[in-house]
Each structure stands twice: as C-alpha cells, then as structure tokens.
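The values are calculated or read from the model by the stated rules, or taken from the named source; none is laboratory data. Since the structure is predicted, the reported quantities are computational estimates derived from the model, not experimental observations. Ideal geometry is used to build each Cβ from the backbone, glycine not excepted, and the neighbour counts take in all protein chains shown. Just the protein is used for accessible areas: all its heavy atoms, side chains included, with ligands, DNA and RNA removed. Shrake-Rupley method; radii C 1.70, N 1.55, O 1.52, S 1.80 Å.
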Amino acid sequence: AITQDKYGYMWFAEGGNNNRIIRFDGYKMKSYNYDPSDSNSLDRAGNECIAADATGCIWTNAATGVDKFDPITNKFIHYRYKQGEVRGVQAILIDHLGIVWLGTDKGLDRLDQKTGEFIHYTRKDNGLSCDTVRCLYEDREGVLWLGTGWEFDQYGKEGGLNRLNRETGKFTSFVNDP
C-alpha cells in the first residue's frame, strides 16, 4: 500500500516478514519497524494498509486495531479493539472531517480518537450488503462509499457498493443482480 503525506513524502506499508512502514523523501528511504523494547514503536503485525491524514500523521493497520504515527514526535499511538474483538483491517480512510474509518472483515469501524473506542457498523445492524469491507472512498460531497464482498464469491450475492448516510448510520446498497 502507498500514500503521500502533506509534506510530499511517500509512505509504503510492507507486511509479511519485513513488517514495517517506509518513508521515502525522494532521495532515501527510512524504515519504521517493530521494537519489542519500545511501546511507542510500530505494532508487530499487520501493515497491509496505509493512509495519511491532513495533520501529516500516518495510519496503518495492526494485528488488533490501527496505529497512528506522528512524524513530529516519532512515536506510534496504538488504538486497539476491546479484548476478544478480532477484526482484520483491510482498508483505511481519513475523511475530510479527520474521522478515521476502517474497512474490516467484520464490517466498518469509525474510530473516536478522543476515547479510543470504535463504532462498529454491520450488515445486521446497519444494512451493509456484506460485512467484508474491502475499500473505502469519500466523494467530493463528503459521502462515504464502501466496496464490499469477496472476489471468490462465485454467486456474487453479498458484495456490492454501499453508501453511508452519516445522519442515520444506515447504508444504501447497490448489488449485482444479473
């Protein structure tokens, strides 16, 4: 995954064995890795998604939530799901209001940065076409769109395009109906 911050730096998320994020300034690369002796370092697992916010901070997925990197302090802030809650983050979007949205394998999450709590949106409670949220997009009018489903769903009945009504917390779904 790739993003660009407000300073023009390119950021890359590298999961797998190397699990790190990398900043490229146009000349050289700097890696940020997990350090078990430093609680302010990157989480030890995840890092398949990356996004930059308007303040210059970098967001990346973690094994049990999301990490925010502040390039001024050079520290990571960890936002974690409650004990026992397991969700795989597949997409990150910071909208025009600075709200952090996470597309997961169990629905959509909205992070309240002040409390560290996640507001969870699902098919059952909010009308998503599918709880596997694979991509997020905010249009020019501030409407949040979600791509859901699984590419190996041979019947294609659950995935689709979803539009969030921010006032009601409900979704309008557009699904393939051949």
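Structure notes:
- Selection of strands (runs of 3 or more DSSP E) fully inside the range 90-153 by the criterion of at least 1 residues being acidic (Asp, Glu) and touching a residue at least 40 places away in the same chain (Cβ under 8 Å) returns 133-138.
- Taken over the range 135-157, the criterion of being of a type in the set (D, E, K, R) and modelled with pLDDT of 95 or more is satisfied by 138, 139, 140, 141.
- Annotation note: of 80, 44, 110, the sole residue that is among the basic types (Lys, Arg) and under 19 Å from residue 1 (Cβ atoms) is 44.
- Residue, least open to solvent (accessible area, probe 1.4 Å), within the range 8-19, restricted to residues that are modelled with pLDDT under 95 and over 16 Å from residue 90 (Cα atoms): 18
- Criterion (touching a strand residue (DSSP E or B) at 6+ places or on another chain (Cβ under 8 Å) and surrounded by 17 or more Cβ atoms within 10 Å (Cβ to Cβ)) met by exactly one of 131, 112, 105: 131
- Of residues in the range 52-66 being at pLDDT 95 or above and of a type outside the set (Val, Ile, Thr), the one most open to solvent (accessible area, probe 1.4 Å): 54
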